[in-house]
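*Asks:* The structure follows.
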Amino acid sequence: MGRMFGTDGVRGLANREVTAELALGLAAAAARVLSEEGQFAGHRPHAVVGRDPRASGEFLSAATVAGLASAGVDVHDAGVLPTPAIAHLTAHSGADLGVMISASHNPMADNGIKFFSRGGHKLPDTIEDAIETHLTQEWDRPIGAAVGRVTAYEDGAERYIAHLLGALPHRLDGLHIVLDTANGAAYDVAPRVFEKAGARVTLIGAAPDGVNINEGCGSTHLEPLRQAVLAAGADFGLAFDGDADRCLAVDGDGHDVDGDQIMAVLAIDLKRRGRLAQDTLVATVMSNLGLHHAMRAAGITVRQTGVGDRYVLEEMRRSGLSLGGEQSGHVILLEHGTTGDGVLTGLLLAACVASQGSTLAQLAACVTRLPQRLVNVPHVDKDAVDHHATVLSAVQDAEAALGDTGRVLLRKSGTEPLVRVMVEAQTSQQADDLAEQLAAVVATELALD
């Protein structure tokens, strides 16, 4: 079966792969593991549980709460809130454990279970592995007054909104912003916090019915936001995904502003205010070379990691850095939170616009995105890509042709017999040509028998 936990918790088709039985078992197992680790010593443990608006989240959340309570953990049920809200509430309520039921930007039929340890941090791999092991083990269940109690976390949303406003360096008075909340977890808190910050808000994608999350809206479908910004004559628009840990934008002219551009604007502003730790930004290898050029011009170092916010966060915590993220809009600001927070990212981006008197288009223009071409090459020996002589020679030839004006990246898939070939170049034609040439070499040289 392989490892149950992926890079972002347990995720799959709800009621087939991610079932009520699994949710109950994982929650009880997590409580037992943390208890055995000594994290509950000397006090009665409590947890915070939240979910996005998917229909399946209703029964999965109920099962999670039941599993925790059956293991002697008191539960504060926060209901529908963004993933970063649950991480924040876990950290600042002194909870021993947090659980978020969400599949983020995935289609509605999927769902997932994500755990946070005390302090609002993702669980380390060793703890996740121990939880899997405990799923199949017998255990001594608490009885009587030792079972957990369940209460509603009635002021959870208000606490999260206060946290967001406390991180805001400049009010947003005078700005007209369109928000697309993806019919997801931020449908209520996002407009409330932006309005409290002084912005005029036009809201779309904010009528969750349990089945329309991420459906033709949010950060994975920017066209509705683009149309709404242009129709309203708004200054810009912000789009979140289903659990609101990502944020992308559309400027007042209707042009996309991706995660690389958002990170660049935030990094430059933080450096200007003396709040960018070590004048360094953490980004993955998939970030556009244009981001690197912009940061070099601004006197900011870019430190690269593998693909995935997990690796960005690990590097930030290891090196004491304050800003990092991905091109997808998953931005982490460690001064204010322990995980990516789309609403916080959007607020701080809006504050840059408000405080500097520039349009979002003008600020985002600091990054000149190089044309990028990505080709997936299936049915190949992906493990040979790093050492096959002919492939390496082809990569060297492509890099020589690009010089300092582009780059080449060959990356093996983590789950399929697939190699991803990515080329950035000065022109789309050059990126296309080199990517196709390299893909052909990979397909021929690494073909599976």
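The values are calculated or read from the model by the stated rules, or taken from the named source; none is laboratory data. Being a predicted model, the structure only gives us computed values, none of them experimental. In this analysis, Cβ positions are derived from the backbone assuming ideal geometry, glycine residues included, and neighbour counts consider all displayed protein chains. Only protein heavy atoms, including side chains, enter the accessible area calculation; ligands, DNA and RNA are left aside. Shrake-Rupley method; radii C 1.70, N 1.55, O 1.52, S 1.80 Å.
*Asks:* Restricting to segment 402-413, what's the tally of residues that are free of Cβ contacts under 8 Å to residues at least 40 places away in the same chain and closer than 22 Å to K382 by Cβ? Before you say what the answer is, go through the steps one by one.
*Replies:* Within segment 402-413, the first condition is being free of Cβ contacts under 8 Å to residues at least 40 places away in the same chain, and the residues that meet it are 402-405, 408, 410, 412-413.
Keeping just the survivors that are closer than 22 Å to K382 by Cβ gives 408, 410, 412-413.
Final tally of qualifying residues: 4.
*Asks:* Shifting gears a bit: Could you list, in sequence order, all residues of segment 340-379 that are open to solvent by 10 Å² or more (accessible area, probe 1.4 Å), more than 30 Å from V442 (Cα to Cα) and of a type in the set (S, T, N, Q)?
*Replies:* S355, Q356, S358, T359, Q362
*Asks:* Using the structure shown, decide if V178 is β-branched (V, I, T), touching a Ser or Thr at 6+ places or on another chain (Cβ under 8 Å), closer than 13 Å to A350 by Cβ and open to solvent by less than 10 Å² (accessible area, probe 1.4 Å).
*Replies:* Working: β-branched (V, I, T): yes; touching a Ser or Thr at 6+ places or on another chain (Cβ under 8 Å): yes; closer than 13 Å to A350 by Cβ: yes; open to solvent by less than 10 Å² (accessible area, probe 1.4 Å): yes.
The answer is yes for V178.
*Asks:* Loosely packed, with under 15 Cβ neighbours inside 10 Å and under 19 Å from L60 (Cβ atoms): which single residue out of A109, A152, A162 fits that description? Don't jump to the end; show me each part of the working.
*Replies:* Values: A109 fails: loosely packed, with under 15 Cβ neighbours inside 10 Å; A162 fails: under 19 Å from L60 (Cβ atoms).
Matching residue, one of A109, A152, A162: A152.
*Asks:* Any residue in segment 266-285 that's over 15 Å from R296 (Cα atoms): show its pairings with residues that are among the β-branched types (V, I, T) at Cβ separation under 8 Å, as long as the two are six or more apart or on different chains.
*Replies:* T284/T305; T284/V307; T284/V312; V285/T305; V285/V307
*Asks:* Go through segment 268-287 and give me each residue that's aliphatic (A, V, I, L, M) and over 27 Å from K114 (Cβ atoms).
*Replies:* Within segment 268-287, the subset aliphatic (A, V, I, L, M) is 268, 270, 276-277, 281-283, 285-286.
I268, L270, L276 - these are the residues of segment 268-287 that are aliphatic (A, V, I, L, M) and over 27 Å from K114 (Cβ atoms).
*Asks:* I would also like to ask the following. Scan segment 8-43 for residues that are part of a loop (DSSP other than H, G, I, E, B), closer than 22 Å to H105 by Cα and either open to solvent by less than 40 Å² (accessible area, probe 1.4 Å) or at pLDDT below 95 (or both) and jot them down. It would help to see each step written out before you state the result.
*Replies:* To start, the set of residues in segment 8-43 that are part of a loop (DSSP other than H, G, I, E, B) comprises 8, 15-17, 19, 37-43.
With the extra rule that they be closer than 22 Å to H105 by Cα, the set shrinks to 8, 15-17, 19.
Of everything in segment 8-43, those that are part of a loop (DSSP other than H, G, I, E, B), closer than 22 Å to H105 by Cα and either open to solvent by less than 40 Å² (accessible area, probe 1.4 Å) or at pLDDT below 95 (or both) turn out to be D8, T19.
*Asks:* Restricting to segment 133-156, count the residues that are in a helix (DSSP H, G or I) and within 15 Å of S35 (Cα to Cα).
*Replies:* Going through segment 133-156, the residues in a helix (DSSP H, G or I) turn out to be 133-134, 144-146, 156.
So of that shortlist, the ones also within 15 Å of S35 (Cα to Cα) come out as 133-134, 146.
Residues flagged as in a helix (DSSP H, G or I) and within 15 Å of S35 (Cα to Cα) within segment 133-156 amount to 3.
*Asks:* Something else: Residue under question is L289, and the condition is that it be closer than 14 Å to L349 by Cα and open to solvent by 10 Å² or more (accessible area, probe 1.4 Å); does it hold?
*Replies:* No, not satisfied.
*Asks:* Only one of these is in contact with a His (Cβ under 9 Å, 6 or more places away or on another chain), polar (S, T, N, Q), crowded, with 18+ Cβ neighbours inside 10 Å and under 24 Å from I161 (Cα atoms): N214, N183. Name it.
*Replies:* On the way: N183 fails: in contact with a His (Cβ under 9 Å, 6 or more places away or on another chain).
Exactly one residue qualifies, and that residue is N214.
*Asks:* Tell me which residues, restricted to segment 139-149, are open to solvent by 20 Å² or more (accessible area, probe 1.4 Å) and in contact (Cβ under 8 Å) with a residue 40 or more places away in the chain.
*Replies:* Filtering segment 139-149 for residues open to solvent by 20 Å² or more (accessible area, probe 1.4 Å) gives 139-147, 149.
Of everything in segment 139-149, those that are open to solvent by 20 Å² or more (accessible area, probe 1.4 Å) and in contact (Cβ under 8 Å) with a residue 40 or more places away in the chain turn out to be W139, R141, P142, A146, V147, R149.
*Asks:* I'm checking my understanding of the structure. Among residues of segment 268-281 that are in contact with a Ser or Thr (Cβ under 9 Å, 6 or more places away or on another chain) and among the hydrophobic types (A, V, I, L, M, F, W, C), which one is surrounded by the fewest Cβ atoms within 10 Å (Cβ to Cβ)?
*Replies:* Quick first cut of segment 268-281, residues in contact with a Ser or Thr (Cβ under 9 Å, 6 or more places away or on another chain) only: 269-270, 275-281.
Still in the running and among the hydrophobic types (A, V, I, L, M, F, W, C): 270, 276-277, 281.
Working: L270: 22, L276: 22, A277: 16, L281: 31.
Ranking the candidates gives A277 first.
*Asks:* Still on this structure: Hey, could you check segment 295-331 for residues that are in a helix (DSSP H, G or I) and open to solvent by less than 10 Å² (accessible area, probe 1.4 Å) and say which is modelled with the lowest pLDDT?
*Replies:* Taking segment 295-331 as the starting set, the residues that turn out to be in a helix (DSSP H, G or I) are 295-297, 309-319.
Still in the list and also open to solvent by less than 10 Å² (accessible area, probe 1.4 Å): 295, 312, 316.
Working: M295: 98, V312: 94, M316: 97.
So the residue we want is V312.
*Asks:* Which residue pairs have Cβ atoms closer than 8 Å, lie 6 or more positions apart in sequence or on different chains, and pair a first residue in segment 416-441 that is more than 17 Å from T368 (Cα to Cα) with a second residue that is polar (S, T, N, Q) and open to solvent by 70 Å² or more (accessible area, probe 1.4 Å)?
*Replies:* L418/N376; V419/N376; R420/N376; V421/N376; M422/Q372
*Asks:* Next question, about the same structure. Scan segment 114-131 for residues that are open to solvent by 50 Å² or more (accessible area, probe 1.4 Å), more than 20 Å from the chain's Cα centre (by Cα) and either touching a residue at least 40 places away in the same chain (Cβ under 8 Å) or within 21 Å of V18 (Cβ to Cβ) (or both) and report the count.
*Replies:* Start the filter on segment 114-131 by keeping residues that are open to solvent by 50 Å² or more (accessible area, probe 1.4 Å), which leaves 118, 124-126, 129.
After this cut, where a residue has to be more than 20 Å from the chain's Cα centre (by Cα) as well, the list is 126, 129.
Subsequent filtering for residues that are either touching a residue at least 40 places away in the same chain (Cβ under 8 Å) or within 21 Å of V18 (Cβ to Cβ) (or both) retains 129.
Total meeting the criteria: 1.
*Asks:* Does at least one position in segment 224-231 carry a residue that is open to solvent by 10 Å² or more (accessible area, probe 1.4 Å) and in contact with a Cys (Cβ under 8 Å, 6 or more places away or on another chain)?
*Replies:* From segment 224-231, those open to solvent by 10 Å² or more (accessible area, probe 1.4 Å) are 224, 226-228, 230-231; that's our starting set.
Adding the requirement that they be in contact with a Cys (Cβ under 8 Å, 6 or more places away or on another chain) leaves 224.
Yes: segment 224-231 contains one or more residues that are open to solvent by 10 Å² or more (accessible area, probe 1.4 Å) and in contact with a Cys (Cβ under 8 Å, 6 or more places away or on another chain).
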